[in-house]
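In what follows, a single structure is set out as structure tokens and then discussed.
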Amino acid sequence: MAAHLAQSRTAAGNSSGPAAAPLPRQRRRPMLFLGIALAGLGALAAAWLFTATGHRQPVLALARDVPAGQVITAADLTVASVSGSGITTIPARQEGQVTGQTAATGLRAGTLLVPADLTSATVPGNGQDLVPVPLKAADLPASGLAPGDQVLVIATPGAGGQPASGAAASQLPGDVPATVYQVSAPDQSGTVTIDLLVQSGYGPPVAAQASTGQVALVVTRRP
């Protein structure tokens, strides 16, 4: 009886729960495959990141400011290294094709050069006259003038605010619209020469008015 009771107690003690069975092989394989796939994706991501950040190409940039209409020289250019700039740049190997072309707009030092910045058109173009107008620096706007500014050429009155007469009489048919093409640095007397593009036929009267000294420019729009 005692032996039977001991056997019963032993059986009861061992009935607390079945021992944990090892994970079947069939369940281990999917996890192994998942780990291999994740490792492969990580390698691909690393390769893409290296390519995106490491693949850079030399392109042309501006070494100094170039006013609109000026012929571009090798001294105006420098080389920058970019990667995925998002704009259409000009490869550095095309420098020989760029020099000799004209700046289609005012170009700033340090910016990348793009095809739209260049033109092969000559200045003055068809239907235009190019006229130099000398002015004292004090007669210019405090903010100055820059290529591309739109101005009106006007005849100024004589002494005492009276209309000029004789040789200084107005040579203009009215206020003449013009575009600033280039602005010189002041000379020793403080005179600045502004090259203006005007409609063909207006060049002679603008030049005649400029020679009298009774002329002024009024800025109407900036680019």
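Read-outs throughout are calculated quantities, based only on the coordinates presented, and are distinct from any laboratory measurement. As the structure is a prediction and not an experimental result, all values here were calculated from the model. Methodologically, a virtual Cβ is constructed for each residue, glycine included, from the backbone with ideal geometry; neighbour enumeration extends over all protein chains shown.
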(message) Quick one: 3J(HN,Hα) in Hz for the stretch 98-113, Karplus 6.51/-1.76/1.60 with θ = phi - 60°, rounded, Gly and Pro as x.
(response) 7, 4, x, 7, 10, 6, 6, 8, x, 10, 9, 4, x, 8, 6, 8
(message) Can you compute the FRET efficiency between Thr122 and Arg221 using 1/(1 + (r/R0)^6), with r the Cβ-Cβ distance and R0 = 30 Å? Round to the nearest 0.05.
(response) 0.80
(message) Using the crude model of +1 on Lys and Arg Cβ and -1 on Asp and Glu Cβ, and no other charge, please compute the dipole size for the stretch 55-119 relative to its Cα centre, in debye to 20.
(response) 140
(message) At 25 °C and a viscosity of 0.890 mPa s, what translational diffusion coefficient does Stokes-Einstein give for the stretch 57-119, taking Rh as the Kirkwood radius over Cα pairs? Give it in µm²/s as a whole number.
(response) 216
(request) Lys and Arg at +1, Asp and Glu at -1: add these up for the other residues within a Cβ distance under 14 Å of Leu118 and post the number. (result) -3
(request) Could you tell me the distance between the Cα centroids of the stretch 52-126 and the stretch 203-217, to the nearest Å? (result) 36
(request) Rank by packing, highest mean first: peptides 140-149, 173-182, with packing defined as the count of other Cβ atoms within 10 Å averaged across residues. (result) 173-182, 140-149
(message) Nothing charged except the Cβ atoms of Lys and Arg (+1) and of Asp and Glu (-1): what's the magnitude of the dipole of the stretch 128-221 about its Cα centre? Round to the nearest 20 debye.
(response) 100
(message) At 10 °C and a viscosity of 1.306 mPa s, what translational diffusion coefficient does Stokes-Einstein give for the stretch 128-221, taking Rh as the Kirkwood radius over Cα pairs? Give it in µm²/s as a whole number.
(response) 119
